[in-house]
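Engineer: Before we start, here is the structure in question, set down as structure tokens.
Every read-out reported here was derived from the displayed coordinates using simple, explicitly stated rules and does not represent laboratory data. This one's a predicted model, so the numbers in the text were calculated from it and none came from an experiment. Cβ placement follows ideal geometry from the backbone for every residue including glycine, while neighbour counts extend to all protein chains displayed.
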Number of protein chains: 2
Amino acid sequence: MSDLFLALLHHPVLDKNGQIVTTAVTNMDIHDIARSARTFGVRRFFVVTPVRALRALALKIIEHWEVGYGSTYNATRKDALSLVAVESDLDGVLVAIERETGQRPQLVVTSARSGGSRTRFDALRGRLQQATEPHLLLFGTGWGLAPEVIERGDIHLEPVAGCTDYNHLSVRAAAAIILDRLCGAR
Amino acid sequence: MSDLFLALLHHPVLDKNGQIVTTAVTNMDIHDIARSARTFGVRRFFVVTPVRALRALALKIIEHWEVGYGSTYNATRKDALSLVAVESDLDGVLVAIERETGQRPQLVVTSARSGGSRTRFDALRGRLQQATEPHLLLFGTGWGLAPEVIERGDIHLEPVAGCTDYNHLSVRAAAAIILDRLCGAR
């Protein structure tokens with residue numbers, strides 16, 4: 001079974017006009033994705049932003065629930081937030097995983113857009129069950145990962161298809177669904 | 001194919017100590033669940049609270065994105081938020097659905113807790129594809145639906161199982177996963 005890691009990138013990501021931007025770190029992204037990650041056995045969830053003040057904010061949120069007042073108020077949040085780490089860029093995440101596991105992870109990029117050669121969910125699910133090397137599942141905030149990040153992917157995961165032509169899930173909902181498709185009990 | 005409706009109840013729900021409470025309506029719940037509902041073909045998403053001021057807040061959020069500044073700023077949000085309706089209690093939701101479809105919906109209750117006789121996801125998925133009567137998928141905020149609501153369910157859906165013993169998904173993540181399991185393209 002492969003060790004699965006998850007990272008939420010705040011830069012470089014696209015805005016609705018296709019420009020490369022840096023998005024703000026939000027409290028809700030950290031909480032929701034940490035709880036989903038904890039549910040589906042993710043080993044670590046990296047919140048990634050080049051902005052020092054936003055890394056400090058993320059660390060403050062984590063600390064509140066891990067050792068501050070929140071840790072006694074709500075132990076299940078403490079449990080989830082203990083998975084969260086903060087890095088300034090994707091390379092920092094890759095180094096952290098290599099340090100933790102001894103191996104460079106396979107980089108799995110996600111996108112709501114179709115096109116190109118994509119790995120199906122069931123294929124990646126099977127691969128994760130067999131693989132010995134770690135895998136890093138990468139999500140973009142805003143309107144998704146910038147092309148320069150997509151290009152670095154070893155595996156390009158197919159988009160989540162609902163049953164309509166609407167493909168604007170929140171990153172929190174998309175991460176939950178993708179983790180369920182890859183790791184949920186069947 | 002059954003018409004699927006979704007409701008998010010803010011009362012009566014449980015807090016972490018098992019007491020019945022009324023939770024606050026949050027902006028993020030409305031947005032995230034509306035976008036997931038839109039993706040998976042839900043016909044209407046009801047935000048349900050007995051608190052008049054919070055119903056007014058919900059309507060204000062919807063109006064901002066439907067006809068206010070937000071409608072031109074981000075058309076995909078407008079599209080999702082057009083699904084949202086506001087009601088004061090579960091009975092109001094049932095009446096609204098009966099008025100819209102001519103039929104009383106089957107009430108599907110969700111819970112993160114196991115126990116009792118539960119309908120499996122694949123069984124409900126098959127049923128939705130065959131049924132002619134509408135179905136209402138009911139979610140609770142806080143620590144979940146109060147027993148008095150659970151008891152009213154025609155169908156008790158099994159909990160989402162991850163691959164750990166942790167069962168504290170956010171209601172936004174749980175709703176996304178449940179819609180995907182019931183309606184996602186396979």
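Engineer: Once amide H atoms are placed 1.01 Å from N in the peptide plane, what residues at a sequence separation of 5 or more from B:PHE46, or on another chain, have their amide H within under 5 Å of its amide H?
Structural biologist: Residues meeting the criterion, in which the H sits 1.01 Å from N, are B:LEU6, B:ALA7, B:LEU8, B:ALA85.
Engineer: What percent antiparallel are the DSSP beta bridges of region B:4-183, to the nearest 5? Walk me through the intermediate numbers first.
Structural biologist: Details: 3 of 25 bridges.
If I count the DSSP bridges inside region B:4-183, around 10 percent turn out antiparallel.
Engineer: Next up: Count, for each residue of A:6-12, the Cβ atoms from other chains sitting within 10 Å of its Cβ, then give me the mean as a whole number.
Structural biologist: 0
Engineer: Taking H as built 1.01 Å from N, whose amide H comes closer than 5 Å to the amide H of A:GLY144, not counting residues under 5 places away?
Structural biologist: Long-range HN contacts for A:GLY144: A:LEU14.
Engineer: Using r as the Cβ-Cβ distance of A:ARG113 and A:ASP154, and R0 as 25 Å, what FRET efficiency do you calculate, to the nearest 0.05? List each step's numbers first, then the result.
Structural biologist: On the way: r = 18 Å, r/R0 = 0.74.
In this case the efficiency is close to 0.85.
Engineer: Would you work out if chain A is rounded, prolate or oblate? Take a ≥ b ≥ c from the square roots of the eigenvalues of the alpha-carbon gyration tensor; rounded if a/c is under 1.5, else prolate when a/b is larger than b/c, oblate otherwise. Provide the component values of the computation, followed by the final result.
Structural biologist: Working: a/c = 1.43, a/b = 1.22, b/c = 1.17.
Because its axes are fairly even, with a/c under 1.5, chain A counts as rounded.
Engineer: Let me ask something additional. For a Förster distance of 35 Å, can you work out the FRET efficiency between the beta-carbons of A:LEU59 and B:ASP165, rounded to the nearest 0.05? Show your work: numbers first, answer last.
Structural biologist: Working: r = 27 Å, r/R0 = 0.78.
Calculated transfer efficiency: 0.80.
Engineer: For region B:130-139, just list the computed ³J(HN,Hα) in residue order, Karplus coefficients 6.51, -1.76 and 1.60, θ = phi - 60°, integers in Hz, with x standing in for Gly and Pro.
Structural biologist: Once rounded to whole Hz, the list reads 9, 5, 9, 7, x, 10, 10, 8, 10, 10.
Engineer: Scan around B:ASP3 for amide H atoms under 5 Å from its own, H built in the peptide plane at 1.01 Å from N, and keep only partners 5 or more places away or cross-chain.
Structural biologist: B:HIS135
Engineer: Go through region A:29-44 residue by residue and turn each phi into a ³J(HN,Hα) via Karplus (6.51, -1.76, 1.60, θ = phi - 60°); whole Hz please, and just put x for glycine and proline.
Structural biologist: With coefficients 6.51, -1.76 and 1.60, one gets 4, 4, 5, 5, 6, 4, 5, 5, 4, 5, 5, 9, x, 5, 7, 7 Hz.
Engineer: Nothing charged except the Cβ atoms of Lys and Arg (+1) and of Asp and Glu (-1): what's the magnitude of the dipole of region A:4-183 about its Cα centre? Round to the nearest 20 debye. Spell out each step's value before the answer.
Structural biologist: Numbers: 20 positive and 19 negative charges, 59 e Å.
With only Lys, Arg, Asp and Glu charged at Cβ, the dipole is about 280 debye.
Engineer: Run the helix sum for chain A: -39,500 (n - 2.57) per DSSP H stretch of 4+ residues, divided by residue count, reported at 222 nm to the nearest 500 deg cm²/dmol. Intermediate values should be presented prior to the final figure.
Structural biologist: On the way: 8 runs with 79 residues, N = 186.
Counting only the DSSP helices, I get -12500 deg cm²/dmol.
Engineer: Ok, one more. What does the charge count around B:GLY70 come to, taking other residues whose C-beta lies under 13 Å from its C-beta (Lys +1, Arg +1, Asp -1, Glu -1)? Write out the running numbers ahead of the final one.
Structural biologist: Working: positive: A:LYS16, B:LYS60, B:ARG77, B:LYS78; negative: B:GLU63, B:GLU66, B:ASP79.
Cβ neighbours under 13 Å give a net charge of +1.
Engineer: Of the peptides A:71-80, B:76-85, how do they stack up when ordered by the mean number of other Cβ atoms within 10 Å, highest first?
Structural biologist: Details: A:71-80: 16.0, B:76-85: 19.6.
Descending packing order for the listed peptides: B:76-85, A:71-80.
Engineer: Whole-Hz Karplus ³J(HN,Hα) for region A:167-172, in order, using 6.51 cos²θ - 1.76 cosθ + 1.60 and θ = phi - 60°, x for Gly and Pro?
Structural biologist: 10, 10, 5, 5, 5, 5
Engineer: First measure r as the distance between the Cβ atoms of B:THR101 and A:ARG52, then evaluate 1/(1 + (r/R0)^6) with R0 = 45 Å and state the FRET efficiency to the nearest 0.05. Write down the numbers at each step before the final one.
Structural biologist: On the way: r = 54 Å, r/R0 = 1.19.
Efficiency, from the Cβ-Cβ distance: 0.25.
Engineer: Let a ≥ b ≥ c be the square roots of the eigenvalues of the Cα gyration tensor of region A:86-146; is it rounded (a/c under 1.5), or, if not, prolate (a/b larger than b/c) or oblate? Each step should come with its number before you reach the end.
Structural biologist: Working: a/c = 2.88, a/b = 1.13, b/c = 2.55.
Oblate shape, in that a/c is at least 1.5 and b/c is the bigger or equal ratio.
Engineer: Got the B:GLN103 label distances to the other copies yet, label 7 Å along Cα→Cβ, in nm, shortest first?
Structural biologist: 5.1
Engineer: A further question follows. Taking the Cα centre as origin and putting +1 on Lys and Arg beta-carbons and -1 on Asp and Glu beta-carbons, what dipole magnitude results for region A:1-104, to the nearest 20 debye?
Structural biologist: Numbers: 12 positive and 12 negative charges, 35 e Å.
Once rounded to the nearest 20, the dipole reads 160 debye.
Engineer: Next question. Among B:HIS64, B:PRO134, B:GLY115, which residue has its Cα positioned farthest towards the positive end of the charge dipole of region B:55-162, with +1 placed on the Cβ of Lys and Arg, -1 on the Cβ of Asp and Glu, and the dipole taken about the Cα centre?
Structural biologist: Result: B:GLY115.
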